[in-house]
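Report on the following structure.
The values are calculated or read from the model by the stated rules, or taken from the named source; none is laboratory data. Given the structure is predicted, the values throughout are model-derived calculations rather than measurements. Counting neighbours? That spans all protein chains shown, and the Cβs are built from the backbone with ideal geometry, glycine included. Heads up: the accessible areas ignore ligands, DNA and RNA and are worked out on the full protein's heavy atoms, side chains in. Shrake-Rupley method; radii C 1.70, N 1.55, O 1.52, S 1.80 Å.
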Amino acid sequence: MNALMPRPSILAVEPYVGGESKLPGVNRIIKLSSNEGAFGPPPSAIEAIRRMATEAHRYPDGGATALRQAIGARFGLDPARIVCGNGSDELIALLILAYGGEGTELVMSAYGFSMYELTGTWAGCRVIKVPERDLTADVDAMLAACGPRTKLVFLANPNNPTGSILPQSEVERLRAGLREDILLVLDSAYAEYVTQPGYDPGVGLVDSTPNTVMTRTFSKIYGLGGMRLGWAYAPPAVIDVLGRVRGPFNVNAAAMAAGIAALAEPGWIEKSVAHNTEWRGKVAEALTAAGLEVRPSEGNFLLVGFGSAERAKRADAALRQRGLIVRAMGSYGLPAYLRVTIGTAEECGLVTEALTAFARTDG
Ligand SMILES: *Cc1c(COP(=O)(O)O)cnc(C)c1O
């Protein structure tokens with residue numbers, strides 16, 4: 001008798017490990033492990049979710065028309081070129097399953113976002129992780145890694161977990177060096193937080209090429225990770241493909257209402273960006289002064305280096321004792337680092353104080 005088995009590639013998938021949220025025996029937990037945005041959900045989004053409760057028996061609009069129109073209006077994009085998803089993770093998975101699969105290769109940078117590898121493996125792609133330079137994607141090396149079977153190239157810009165960013169000229173050089181039959185996915189989950197001048201989250205390349213997609217999310221600056229809402233901006237042929245493979249009701253009604261409300265929340269982005277820029281700078285400065293290695297970041301998090309995996313582990317334990325949960329980076333191949341989300345001013349103060357005390361006592 002043969003045992004029930006999934007497709008062989010499935011058993012090669014390492015399940016995603018998310019940011020933890022509980023510590024046994026600690027009352028007050030401060031969760032700085034999932035880059036969820038410092039301020040919680042926008043008030044108008046909370047109200048919209050409440051209002052939707054009485055309509056929960058109705059199927060949502062499968063075309064997400066009102067939401068796509070709101071996104072289009074907010075970002076100056078044609079709603080017909082937008083597809084919404086159950087988080088951008090869903091859209092990433094649909095793109096990989098649609099364009100990749102057995103016999104194909106997916107190229108990503110060594111410390112790129114882990115979902116590309118996880119879903120690429122699930123799809124049966126050979127996943128090629130290209131060495132980085134100074135924890136930043138290396139365009140030449142990524143181009144050199146592409147072969148006749150490469151169908152997908154992923155770039156998170158800024159990248160999670162490193163915080164690094166490629167200038168627009170480098171992103172354009174990447175696209176220009178890729179064959180026409182390779183889909184380039186620009187994952188701009190942290191676009192709103194970027195302060196570097198000249199940044200384009202991907203709109204320019206999506207408009208000027210038939211084979212580039214930009215993905216965005218409501219999970220970070222819009223504070224709606226629990227609602228699961230993301231979107232893609234893509235050329236017509238890719239929109240057509242996503243329309244065929246996505247579930248007919250892949251985005252739920254509460255998520256759509258929350259997203260529309262969040263986009264209209266007055267001053268939300270401005271307030272969040274100002275806070276993030278200020279505290280990202282302050283925390284980075286304080287931790288650097290404490291002797292820790294702080295990587296430059298264009299996101300709402302900092303990658304902090306401790307010199308060795310053992311010392312990073314001790315730092316993590318010291319933070320946990322104070323109820324502070326950050327993200328260990330062993331699963332990303334960066335065991336000497338911890339990733340710290342920029343939270344509220346108080347949370348930033350607490351994590352800075354705890355890590356400064358740690359650095360002083362654990363030389
Ligand atoms: C958080 C994150 C996502 C996932 O976003 P969801 O919309 O919540 O699925 C995608 N890409 C990167 C780089 C992220 O950090």
Percent RCO, i.e. relative contact order, over the stretch 200-262, from Cα pairs under 8 Å lying at least 6 residues apart: 31
Semi-axes in Å, largest first, for the chain (Cα gyration tensor, √(5λ)) are 31, 26, 21
Nearest 5 is fine: what % of DSSP beta bridges in the stretch 100-169 come out antiparallel, could you say? 10
Starting from the Cα-Cα distance between TYR59 and ASP78, subtract it from 0.36 nm times their residue separation and give me the gain in nm to one decimal. 4.3 nm
For the chain, the accessible surface attributable to carbon and sulfur atoms (probe 1.4 angstrom, ligands and nucleic acids excluded) amounts in percent to 56
How much mean residue ellipticity at 222 nm does the chain get from its helices, if each DSSP H run of length 4 or more adds -39500 (n - 2.57) and you divide by all residues, to the nearest 500 deg cm²/dmol? -12000 deg cm²/dmol
Charge dipole magnitude, Cβ of K and R +1, D and E -1 - the chain, Cα centre, debye nearest 20: 760
Note on the stretch 15-158, DSSP bridge orientation, antiparallel percent to nearest 5 equals 10
Filter the trypsin sites (Lys or Arg not before Pro) in the stretch 1-43 down to the DSSP loop ones having no more than 14 other Cβ atoms within 10 Å, then list what survives. LYS22, ARG28
To the nearest 20 Debye, how big is the dipole of the stretch 262-316 about its Cα centre, given +1 on the beta carbon of each Lys and Arg and -1 on that of each Asp and Glu? 220
Two-decimal Rg/Rh across the stretch 179-262, once Rg and the Kirkwood Rh are taken from alpha-carbon atoms: 1.00
Describe numerically, in nm with one decimal, the distance between label points set 7 Å from Cα along Cα→Cβ at THR195 and at ALA66. 3.7
Kirkwood Rh (inverse of mean 1/r, distinct Cα pairs), the stretch 54-106, angstrom: 13.3
Quote to one decimal, in nm, the extra length available between GLU270 and ARG314 on full extension: 0.36 nm per residue of separation minus the C-alpha distance between them. 12.2 nm
Please compute the net charge surrounding ASP138, taking Lys and Arg as +1 and Asp and Glu as -1 over other residues with Cβ under 11 Å from its Cβ. -3
Given the alpha-carbon gyration tensor of the stretch 55-149, what are the semi-axes of its equivalent ellipsoid in whole angstrom, ordered largest first, with each equal to the square root of 5 times an eigenvalue? 32, 17, 12
